[in-house]
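Undergrad: This is the structure I want to talk about, given as structure tokens.
The values are calculated or read from the model by the stated rules, or taken from the named source; none is laboratory data. Owing to the predicted nature of the structure, the values given are computational and were not obtained by experimental measurement. Here the Cβ positions follow ideal geometry from the backbone for every residue, glycine too, while neighbour counts run over all protein chains shown.
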């Protein structure tokens with residue numbers, strides 16, 4: 001037994017001596033590599049991966065994004081009434097969120113510095129709201145409303161059962177609202193003494209007009225503003241119809257040279273559909289970009305001529321074909 005142990009130890013010593021140079025090289029090489037890695041300003045080694053190429057959960061969706069590496073991105077949203085629309089706005093992300101209980105109230109149309117939440121306004125006449133510093137959240141306006149000459153007005157996740165208009169209003173934020181059964185859905189004008197300015201409409205759903213002759217109904221009618229953004233809205237006039245043989249649908253979006261004209265316009269990433277022509281842009285300056293045109297323009301996509309003050313690019317139909325004008 002003693003002779004076996006002696007022989008085994010001798011053989012093991014010879015084997016370890018044979019591999020010692022290799023082990024020493026691996027230790028030195030590994031240590032040097034680690035030092036270079038941690039002292040370098042280069043990024044830690046990582047695999048390149050595109051989030052949109054994987055499986056997307058129900059709390060997100062793949063969306064088009066021309067600025068992304070693959071022209072696609074992942075957009076996240078909260079569940080149940082959150083302020084994010086996946087795709088173009090519709091019932092899933094606009095209006096009063098499910099589960100909200102409204103309390104009846106009479107709207108004081110001249111009051112300022114007031115916030116309203118979860119209200120159904122029971123005014124018996126079309127309300128003309130003249131106050132400033134107003135916030136409306138989760139509110140119902142069964143008769144619609146006109147906001148006249150006020151400053152700093154915010155309306156979000158509310159429902160309008162008729163026309164909405166801003167006349168000579170200043171600093172307006174109007175988002176995630178549901179407008180339906182209207183003659184003119186969402187309008188801006190400067191017919192009350194001053195030029196409307198600094199107005200943003202985003203992520204609203206304007207749909208199902210109920211106009212009758214002799215109306216010329218528009219999803220959104222713009223007649224005098226200095227600084228307006230119309231971004232990621234659905235302006236859908238639906239299928240063409242007449243009333244007693246008279247045309248009543250004019251356009252989904254109409255820029256008219258009136259009340260001082262329209263400047264500083266940004267109309268981008270909207271779904272526009274319906275009307276005689278879907279878009280009239282005969283008066284104004286700014287940009288009309290990356291909008292999607294639906295199939296229901298009775299005469300065509302865009303009325304000619306378009307004001308030369310508008311730059312336009314990236315507009316397509318529902319099949320991705322360019323809409324040039």
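Undergrad: Can you spot a residue in region 279-287 that is under 22 Å from the mean Cα position of the chain (by Cα), free of Cβ contacts under 8 Å to residues at least 60 places away in the same chain and surrounded by fewer than 18 Cβ atoms within 10 Å (Cβ to Cβ)?
TA: yes
Undergrad: Quick check on my filter: what residues within region 185-216 are in a strand (DSSP E or B) and closer than 25 Å to residue 296 by Cα?
TA: Within region 185-216, 185, 186, 187, 188, 201, 202, 205, 206, 207 meet the criteria.
Undergrad: Right, here's the next one. Tell me the residue from 155, 114 that is at pLDDT 95 or above, in contact with a strand residue (DSSP E or B) (Cβ under 8 Å, 6 or more places away or on another chain), surrounded by fewer than 15 Cβ atoms within 10 Å (Cβ to Cβ) and within 22 Å of residue 200 (Cβ to Cβ), please.
TA: Just a single option satisfies the conditions, and that option is 114.
Undergrad: Filter region 154-173 down to residues that are closer than 17 Å to residue 226 by Cβ and free of Cβ contacts under 8 Å to residues at least 24 places away in the same chain, then give me how many there are.
TA: 0
Undergrad: Here is a list of conditions, (1) closer than 17 Å to residue 184 by Cβ; (2) in contact with a strand residue (DSSP E or B) (Cβ under 6 Å, 6 or more places away or on another chain); (3) crowded, with 19+ Cβ neighbours inside 10 Å, and residue 258 meets all of them except one; can you say which number that is?
TA: With (1) closer than 17 Å to residue 184 by Cβ; (2) in contact with a strand residue (DSSP E or B) (Cβ under 6 Å, 6 or more places away or on another chain); (3) crowded, with 19+ Cβ neighbours inside 10 Å applied to residue 258, the lone miss is (3).
Undergrad: A follow-up question, please. Taking the condition assigned to a strand (DSSP E or B), within 18 Å of the chain's Cα centre (by Cα) and closer than 22 Å to residue 168 by Cα, does residue 253 pass?
TA: yes
Undergrad: Next up: Could you count how many residues in region 201-245 are surrounded by fewer than 16 Cβ atoms within 10 Å (Cβ to Cβ) and over 21 Å from residue 278 (Cα atoms)?
TA: So the answer is 1.
Undergrad: Could you grab me the full set of residues in region 288-309 that are within 21 Å of the chain's Cα centre (by Cα) and either assigned to a strand (DSSP E or B) or closer than 21 Å to residue 195 by Cβ (or both)?
TA: Matches in region 288-309: 288, 289, 292, 293.
Undergrad: Pick out the one residue from 136, 182 that is modelled with pLDDT of 95 or more, assigned to a loop (DSSP other than H, G, I, E, B) and at negative phi.
TA: Going through 136, 182 in turn, the sole match is 182.
Undergrad: Given 222, 199, 179, which one is under 17 Å from the mean Cα position of the chain (by Cα) and closer than 15 Å to residue 267 by Cβ?
TA: Details: 222 fails: under 17 Å from the mean Cα position of the chain (by Cα); 179 fails: closer than 15 Å to residue 267 by Cβ.
Just one listed residue meets the conditions, 199.
Undergrad: Can you name the residue in region 300-314 that is surrounded by fewer than 12 Cβ atoms within 10 Å (Cβ to Cβ) and touching a residue at least 12 places away in the same chain (Cβ under 8 Å) and, of all such residues, is nearest to residue 262 (Cα to Cα)?
TA: So, considering only residues that are surrounded by fewer than 12 Cβ atoms within 10 Å (Cβ to Cβ) and touching a residue at least 12 places away in the same chain (Cβ under 8 Å), the one nearest to residue 262 (Cα to Cα) is 311.
Undergrad: Oh, and also: Assess whether residue 219 counts as being in a strand (DSSP E or B) and either in contact with a helix residue (DSSP H, G or I) (Cβ under 8 Å, 6 or more places away or on another chain) or within 21 Å of residue 156 (Cβ to Cβ) (or both).
TA: Yes; evaluated as a whole, the condition is true for this residue.
Undergrad: As an exercise: evaluate residue 95 against (1) in a loop (DSSP other than H, G, I, E, B); (2) over 19 Å from residue 163 (Cα atoms); (3) modelled with pLDDT of 95 or more and give the number of the one condition it does not meet.
TA: Unmet condition: (2).
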